[in-house]
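In what follows, a structure is listed as structure tokens, so that the remarks can point back to it.
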Amino acid sequence: MEHARIVNAVIESPGDMDVTQVGPAIVQSWNRCVREFGLDPVRDEPVIILDSRELKDRQEPLESLRAIAQGEMATLYQQLSGSGFSVLLTDQEGVVLDYLGDPSFSEAARRCGMVEGALWSEQYQGTNGMGTCAIEKRPLLVHHHEHFLARNIGLTCSSAPIFDHEGGLLAVLDASSFSRQAQQHTLVLVNMSAQMIENRAFLCRFRDHYALRFHSRPEFIGTLWEGALALNEEGRILAANRSALFQLGYKKPADLAGFQLRDLFNTGMEALLGRNNQGWLNPVALYEAKRGNRFFGLVQPPEGRAAVLSSGRASRQPVIENPPAGDEKFIRLSELQFGDQTMEHNVHCARRVLGRDIPILLLGETGTGKEVFAQGVHQEQTGGKRPFVAVNCASIPETLIESELFGYKSGAFTGANREGRRGKILQANGGTLFLDEIGDMPVMLQARLLRVLEEREVIPLGGEIPVKVDIKLISATHRDLKELVAEGRFREDLYYRLQGITLNLPPLRDRRDKRELINHILRLECADQQQIDLSKGAMRQLEAYAWPGNIRQLRNVLRTALALCDGPEITIYDLPQEICTQPHQAETEPEGSPDGSTAVPLSALEMAERETILLNLEKSRWNVTLAARNLKISRNTLYRKMNNLHIRINKEE
């Protein structure tokens, strides 16, 4: 009766009760139970259980999914065994298709209806893990009194959805027990298992097609965090898994309908197959076509085509050979600056704190080379003999980032001592931990990270014994952390703990060693191939361009230009159209004396206009593109006015 009173009180006057006691999703579910399904909290009708024939009719359409899920269910059960949990798989309507139970829980579970064929939809069982998860379509923990029906309030249910390639709900994975505590780490494990099932079901569904499996970190390929695209032989995208959508910035599978591989990455199907010339075991670097973000990917061929594909590759030559991913770990600090004063200062400061317990915070726009700088610091300090572990805090779903950083220790669960996973912090022990996009770390994890930095020890999810760690911490962000602190989205104490020394990496448009940097990156891209040079016109256009994508965009442009050029040098015809719209040198260097004097004096109006243009050029650091944008005129118009008003391009640019 007390439970029914609380339920009715929350439904009738939700403002009178602190909803954090049950959570908004539970309140919404309780409302559905009363207003849509007409349920009574104290009703004690028997659980609906389908007969064997009806159950078989439910199981057969999902036979392939069940075969995949059974292995993951067994692994999850092993992780939780001894703690009174049972693992269940339901279809989208809440019918239990498969059940794997702890002996200590099975009899009690049978009495409350947790058996194969039982119907656990919200319509019949009220608020519960499996039924409510199917409606909410997200991982959900329903603990004790959060259940709508009083007869279920002894249960703790952790559930996660499994989706098909079109984003539709396929099934729900659940772990339930009579645990007295709401265990968040159990929900994390269930969600990880559900995503692994989903990824394997995706690859199985498209086993007769090519699959591109990718991630921003090569070691994540083959894990539940990998993105996967199903492709036909022409490179048209047939489907994408959830991780692929998340990494590429799309919300639903339909957003990629009709796309070609070239629309997403800087490569086509033929080139990608050629670059995977050592089979499909070695990931190659890929770059996003629009934003220039770097990924690593490998192609999985259709079933039965492996031998044919392998023999066909022997005669192909890759269009562009990228340096192996591991080579980037050997970039030295001295290779990161070629005369730019800001970068020279950054390198000097980084060297002064080597070997000291002083964290480094790198600030800069996207693509300015923050991770490469971190690798340079790591190489200088360890000689590349210690681990360098990078974590992009913005590319991992919030529900998984805790287990990603801190790991989980299945030794905390009786009988599950073989399935634990070391987090990235422990993997970096003795070396360098690079936290990219630290400004996007969820607030709830910032306190745990602060404790790690203060105590130099990690407690994995589900564990109790802290593990000592010795790491060099380098973090990076393109966001204003002070502003995030003021808004309450970033802990002030963590900000000052990260800020041992702060280094600002300048955008490419502001660097004074732009020409030398362009030539250096071109040499890196040529690698062991014949050295290709830049024509004077091409170099002029590259130096004048604003580079909104910074060094990452520059590398992408040079890589593409190398593939397109036919002779010993890259010309303006090998560059993208947006870069080739820059005026010719004759327009940028009008004739006249060095001091801008001329035989024809300027009028007062022309002098005022000249001063306005000079002021904007100075504010834009003589970047003509930015100055034209500020003046709200085209670049060509600005060049023409500069010519007429005797303004010469700053020779330092």
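Each reported figure results from applying straightforward, stated rules to the coordinates on display, with no laboratory input. On a predicted model such as this, the values are computed, not experimentally measured, just so you know. So basically every Cβ, Gly included, is an ideal-geometry build from the backbone, and we count neighbours across all protein chains shown.
Shape of segment 31-147 from the C-alpha gyration tensor: prolate (a/c of 1.5 or more and a/b above b/c, with a ≥ b ≥ c the square roots of its eigenvalues). Could you pull out which residues in segment 345-387 have an amide N less than 16 Å from a spot 7 Å beyond the Cα of Q499, following the Cα-Cβ vector? Label zone hits: 359-364. Modelled this way, with points 7 Å down the Cα-to-C-beta line, the labels at K290 and E455 are 4.3 nm from one another.
Divide the volume of the convex hull around the Cα atoms of segment 193-261 by the residue count and you get 83 Å³ per residue. Karplus-derived 3J(HN,Hα) values for segment 377-388, using 6.51 cos²θ - 1.76 cosθ + 1.60 with θ = phi - 60°, are 4, 4, 5, 5, 7, 10, x, x, 9, 10, x, 10 Hz; glycine and proline are entered as x.
Taking a straight line from the alpha carbon of K536, these lysines sit under 24 Å away, with near neighbours fewer than eight places off in the same chain left out: K514, K651.
Please list, in chain and number order, the residues 5+ apart from D98 or on another chain whose amide H is under 5 Å from its amide H, with Hs placed from the backbone. Answer set, sorted by chain and number: L89. In this structure, the amide hydrogen of L238, modeled 1.01 Å from its nitrogen in the peptide plane, lies closer than 5 angstrom to those of A230, L231, N232, counting only residues at least 5 positions away or on a different chain.
Please state, rounded to one decimal and in Å, the Kirkwood hydrodynamic radius that segment 472-570 gives when every pair of distinct Cα atoms enters the mean of 1/r.
16.2 Å
Could you list the trypsin sites (Lys or Arg not before Pro) in segment 154-249 that lie in coil according to DSSP, counting only those with at most 11 other Cβ atoms within 10 Å of their Cβ? Don't skip to the answer; put the middle values down first.
Working: sites: R180, R200, R205, R207, R213, R236, R242; in loops: R180, R207.
Counting only loop positions with at most 11 other Cβ atoms within 10 Å, the trypsin sites (Lys or Arg not before Pro) in segment 154-249 are R180.
Find the percent of Cα-Cα distances in segment 100-229 that exceed 17 Å, and round it to a whole number. The share of Cα pairs beyond 17 Å in segment 100-229 comes to 62 percent.
Show me 366-379, 533-546 ranked by packing, highest mean number of other Cβ atoms within 10 Å first.
Output ranking for 366-379, 533-546: 366-379, 533-546.
Extending 7 Å from the Cα toward the beta-carbon at both A254 and R111 defines two label points whose distance is 4.8 nm. Could you check the simple spin-label distance between E270 and E136, using points 7 Å along Cα→Cβ, in nm with one decimal? Placing both labels 7 Å along Cα→Cβ, they lie 5.1 nm apart. Shape analysis of segment 150-299 places it in the prolate category; the axes a ≥ b ≥ c from the Cα gyration tensor give an a/c of at least 1.5, with a/b above b/c. Evaluated at q = 0.14, 0.27, 0.31 Å⁻¹, a Debye calculation over the C-alpha positions of segment 477-528 (equal weights, vacuum) places log10 I(q)/I(0) at -0.60, -1.04, -1.17.
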